[in-house]
Amino acid sequence: MHTMFNPKQIALPPAIGRLAELSCNLWYSWNESALALFARIDPKRWDQVQHNPVRLLTEAEPDRLQDLAQDEDFLRHYEEVLSSWEAYRKEPSWFERNYPQHTGNVIAYFSAEFGFHESLPIYSGGLGVLAGDHCKSASDLGLPLVGVGLLYKRGYFTQKIDEHGSQRAEALSYDFAKLPIFPAYLIPPPSGDGEPAEPRELFVDVPLADRQVQVKVWQVQVGRIPVYLLDADLETNSQWDRELTAQLYGGNQDTRIAQEVLLGVGGVRVLRALGLATGAYHINEGHAAFLTLERIREQLDKGLRFHVALEVIRSSTVFTTHTPVPAGHDAFPLQMLEYYFSGLVTSYSQHKQDFLRLGLDVRKQLFNMTYLALNTAAIRNGVSKLHGQVSRDMFREFHGGIDVQEVPIGHVTNGVHLPTWLAPELKELYSRFLPGTWKSNQANADAWKSIGLIPAESLWSVHMELKERMVKIARANLREQRRRNSLPAERIEEVRDYLDPKKLTIGFARRFATYKRANLIFSDLSRLDRLINDPNRPVQFIFAGKAHPADQPGQELIREIYRVSQQDRFRGKIVLLENYDMNLARCLVQGVDVWLNNPRRPYEASGTSGQKAALNGVINFSVLDGWWEEGYDGSNGWAIEGRNEADWESQERENTESIYRVLEQEIVPVYYNQGALPSQWVARMKRSIQTLAPLFNTDRMVMDYVNAAYVPSLKRTQKFVANNYEEATKVADYKRFILDNWHRVKITEVNDNGARSTGSAGEALKEVNATVRFGPVWFKDVAVELIYYKEQEEGWHQVIVEMEPLRHLDDNTVVYRTAVPAHLKHGSYFSLRVHPVSANFARRFELPLVTTW
Ligand SMILES: *Cc1c(COP(=O)(O)O)cnc(C)c1O
């Protein structure tokens, strides 16, 4: 017998009682049959309550629910949803199959925002949606992952656009009783007489400056994954403290640091209170990096020395950076850090400098959250190949100026959760032609080959259906704007003729941050006019997005788009929709023809909206930045050209010219090529789906994190803590010794006049010898390498040759040798370097030390 899970105590007729359980699991957000089931209860109300099933059920008329409990059709649908839910929960998972030895570990994923669905507004944009999609794929793949975040009473904000095109930010106050969340419960062990104890709601104290802030812990269930959200809005807290979880990215520096303390320090305390065996911690952007300070404190409390504690923490921490601009990283004055961590600083006053050094930006004398994360995470990554490079460049100095390619920051390219973003109609169509396992095999390119089998007419007709639906929703959005702004009746009514599903439709929707340059297409309005008003081949544009309430230039962009959209020549052909959220995002990425993205390169770390579009056969037209630099192959979309190394103004000019030219000469002609069925266009849609869907989904992304970050962290941590931290102590002491003595390691002589020989490929070689004096350092703890460059088809390519010890001299000096192509000369053609190595490092250059010659 299934025990009824009804944490919200929603009153329902027994025949449909498990709707309560379904309403409290975000699994509904990627299961269209579950969504359709809720919608059936009251379709109109469903849209009004932002597709929030808890609100729908708690506010439904009891009579209506009674009727449904006797409606056979509804009951059949209900049973069908329940059985797919049961099947989903029991599915043997990818993780269990591949890592059975790690199913008992817990991976904690910390993020300041999570975007699961429009019904739970605790996200602002791409970062949150990525975190939400990460959890969903973690559930699909069966990872033992838990999320940790904050629960914002007023969410982000609801955007209204007034009759002047100004953004109005409305802060709604959410009633947690009506959100799809519930209090996290602690089930205490049975009492002495065997009586089961009553579950208790979970509260945790977080030390903040001179006080303890109490937080209540809420739970969002995301399929199989629990996400714990902290809420400080409790009567026991001061008014200022209660406001800490009021708003996402609101307030000043003090609010921000205090929020981050709640997230990082509070989050760790929640995991402890729940008794979870957390073995790896993922910091999703610097906001959550304080979790490492709390974990170091725990180790100090156990009696570990600071540098050993740091190694233990580092071995189990993964950090993902998302911001390619130095100014985008949170940094706080040192006094502010001391103040908010006064408890920690007082208890461990002898380590105050050690703690501060972990985040210290020496030049600015600020405590930088990204530095903290880099210093405390063994595994670090950017979110696209290009962003990995940009990050290595940006943090080269931070790593002691080692060669940029050696900076130990890798990349895991972002993706999107396929079942969330792919239109149900397309899921059905793909299922008819792709192998039966395509969804669970989505990261396998072979599974997508059969996209080619879909008849062009079928793909096109589903696309047109989605486009028509999108146009209806866009008109309703505009109508509501105008009605609210009290425009005259005829101005409201004319919206009926806005946008034409037959026209080539270009979508641009994302946060209105200035680097995204939403107004680029307006640089030459006459040229735009000719494109839009071409009598035979017209084009139309849809814009949407929020600007941060403190971002005035971002809001000016919105006004500019609004003003252009109001010009007679563009009326109904350029539209600006309000309140961009996941609902509107879904509708646009499924319904337009082209997804335009023209950020200033390389400011778009990855971008994900274009990936959502690609899944749905919407073709990307984008600057080669972020993920598109990897995704674009010349035939699966279009690139906006411009010299990367040019200054901003030139880049802007070149990008703009490219946008117009590609639209005029390629996109428009291909779209309008053949009457009712643009077969060339559909062929490109297919190319786009086939080549991009298998790469840019979160199943692939989460598997990458598991293979390259989580499992190595779990393994390394187990090794580090075994035998009373033996390995961690060894590594910590080793690092300290090397750091203290590295200045004594010297290359004293290099000789390249050695013996000539012939290599295996018949090439002429010569021997190079190098003499290295090690001082107190053991020669086996050091790699001696020769580096030269070799010309290949793609350009010059670095070759690193490890040199071998040839003989030992007195005074701990060793002569090394290797053979290199005979034409190389020292200085201009090859160089030598020595750097410390250890089998216990998570990566080369874990110690940023290198001596060259
Ligand atoms: C996907 C998504 C984003 C991210 O869009 P980018 O264009 O990649 O910045 C932002 N907001 C919402 C609501 C989204 O769904």
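The values are calculated or read from the model by the stated rules, or taken from the named source; none is laboratory data. Computed from a predicted model, the values in this text were never measured in an experiment. Neighbour counts are summed over all protein chains in view; Cβ atoms, including those assigned to glycine, are modelled from backbone coordinates with ideal geometry. The protein model used for the area step is the full one, side chains on, heavy atoms only, and it has no ligands, DNA or RNA in it. Shrake-Rupley method; radii C 1.70, N 1.55, O 1.52, S 1.80 Å.
Observations, loosely collected:
- Test for Ala456: is it open to solvent by 10 Å² or more (accessible area, probe 1.4 Å) and under 28 Å from the mean Cα position of the chain (by Cα): no
- Odd one out for Glu91, checked against (1) at pLDDT 95 or above; (2) more than 16 Å from the ligand (Cβ to nearest atom); (3) within 22 Å of Ser29 (Cβ to Cβ): (1)
- Which listed residue is of a type in the set (Lys, Arg) and in contact with a Ser or Thr (Cβ under 7 Å, 6 or more places away or on another chain), from Arg97, Arg168, Arg76, Arg154: Arg154
- One residue from Thr413, Thr437, Thr420 being surrounded by fewer than 17 Cβ atoms within 10 Å (Cβ to Cβ) and under 29 Å from His282 (Cβ atoms): Thr437
- Only listed residue being open to solvent by less than 10 Å² (accessible area, probe 1.4 Å) and within 16 Å of the ligand (Cβ to nearest atom), chosen from Ala513, Ala509: Ala509
- Being over 30 Å from Gly617 (Cβ atoms) and among the β-branched types (Val, Ile, Thr) holds for only one residue in Val682, Val721, and it is Val721.
- Only a single item in (1) more than 21 Å from Pro53 (Cα to Cα); (2) in contact with a Gly (Cβ under 9 Å, 6 or more places away or on another chain); (3) open to solvent by 30 Å² or more (accessible area, probe 1.4 Å) is not met by Tyr174, and it is number (1).
- Some residue of region 237-249 being of a type in the set (Asp, Glu) and open to solvent by less than 10 Å² (accessible area, probe 1.4 Å): yes
- When region 265-292 is filtered for residues that are open to solvent by less than 10 Å² (accessible area, probe 1.4 Å) and of a type in the set (Gly, Ala, Ser), the ones remaining, listed by number, are Gly266, Gly267, Ala280, Gly286, Ala288, Ala289.
- Taking region 827-845 as the range and being outside any loop (DSSP other than H, G, I, E, B) and either crowded, with 17+ Cβ neighbours inside 10 Å or touching a Pro at 6+ places or on another chain (Cβ under 7 Å) (or both) as the test, the residues that pass are Phe830, Leu832, Arg833, Val834, His835, Pro836.
- Take the conditions (1) assigned to a helix (DSSP H, G or I); (2) touching a residue at least 60 places away in the same chain (Cβ under 8 Å); (3) in the same structural domain as Ala839 (by TED's automatic domain parsing); Lys780 misses just one of them, which is (2).
- Total residues in region 149-184 satisfying the condition of being of a type outside the set (Ser, Thr, Tyr) and part of a strand (DSSP E or B): the figure is 11.
- Looking across region 96-128, the residues that are open to solvent by less than 10 Å² (accessible area, probe 1.4 Å) and either away from the ligand (no atom under 16 Å from the Cβ) or not in a loop (DSSP other than H, G, I, E, B) (or both) come down to His102, Ile107, Ala108, Tyr109, Phe110, Gly128.
- Restricting attention to region 267-292, the residues being on the phi > 0 side of the Ramachandran plot and in contact (Cβ under 8 Å) with a residue 24 or more places away in the chain number 1.
- Those residues of region 591-612 which are more than 8 Å from the ligand (Cβ to nearest atom) and either small (Gly, Ala, Ser) or part of a loop (DSSP other than H, G, I, E, B) (or both), in sequence order: Gly591, Val592, Asp593, Asn598, Pro599, Arg600, Arg601, Pro602, Tyr603, Ala605
- Among the residues examined, Gly132 qualifies as assigned by TED's automatic domain parsing to the domain that holds Thr255, within 13 Å of the ligand (Cβ to nearest atom) and at pLDDT 95 or above.
- Check on Arg168, of a type in the set (Lys, Arg), surrounded by 18 or more Cβ atoms within 10 Å (Cβ to Cβ) and away from the ligand (no atom under 16 Å from the Cβ): no
- The residues in region 609-626 that are farther than 21 Å from Leu504 by Cα and buried (at least 24 other Cβ atoms within 10 Å of the Cβ) can be counted, and the count is 2.
- Selection status of Val799, open to solvent by less than 80 Å² (accessible area, probe 1.4 Å), assigned to a strand (DSSP E or B), free of Cβ contacts under 8 Å to residues at least 24 places away in the same chain and closer than 30 Å to Arg716 by Cβ: yes
- Pairs are defined by a Cβ separation below 7 Å, a sequence spacing of at least 6 or placement on different chains, a first member in region 118-132 that is under 12 Å from Arg510 (Cα atoms), and a second member that is outside any helix (DSSP H, G or I) and more than 8 Å from the ligand (Cβ to nearest atom); the pairs so defined are Ser124/Glu113; Ser124/Tyr156; Ser124/Leu248; Ser124/Tyr249; Leu127/Glu113; Leu127/Glu285; Leu127/His322.
- Test result for Glu726, open to solvent by 10 Å² or more (accessible area, probe 1.4 Å) and free of Cβ contacts under 8 Å to residues at least 60 places away in the same chain: yes
- Residue count for region 613-643, restricted to those that are within 16 Å of the ligand (Cβ to nearest atom) and on the phi > 0 side of the Ramachandran plot: 2
- Search result, residues across region 768-783 that are open to solvent by 40 Å² or more (accessible area, probe 1.4 Å) and over 15 Å from Tyr734 (Cβ atoms): Arg773
- The set of residues in region 520-539 being within 20 Å of Leu499 (Cβ to Cβ) and within 16 Å of the ligand (Cβ to nearest atom) consists of Ile521 alone.
- Summed over region 134-155, the residues that are open to solvent by less than 10 Å² (accessible area, probe 1.4 Å) and of a type in the set (D, E, K, R) give a count of 1.
- The numbered conditions (1) more than 12 Å from Ala518 (Cβ to Cβ); (2) more than 15 Å from the ligand (Cβ to nearest atom); (3) at pLDDT 95 or above are all true for Ala550 except (3).
- Filtering region 351-360 for residues that are of a type outside the set (Ser, Thr, Tyr), closer than 25 Å to Trp628 by Cβ and open to solvent by less than 20 Å² (accessible area, probe 1.4 Å) leaves an empty set.
- Residue satisfying all of: in region 569-590; polar (S, T, N, Q) and assigned to a helix (DSSP H, G or I); farthest from the ligand (Cβ to nearest atom) among these: Gln590
- The number of residues in region 627-646 being modelled with pLDDT of 95 or more, crowded, with 18+ Cβ neighbours inside 10 Å and in a loop (DSSP other than H, G, I, E, B) comes to 3.
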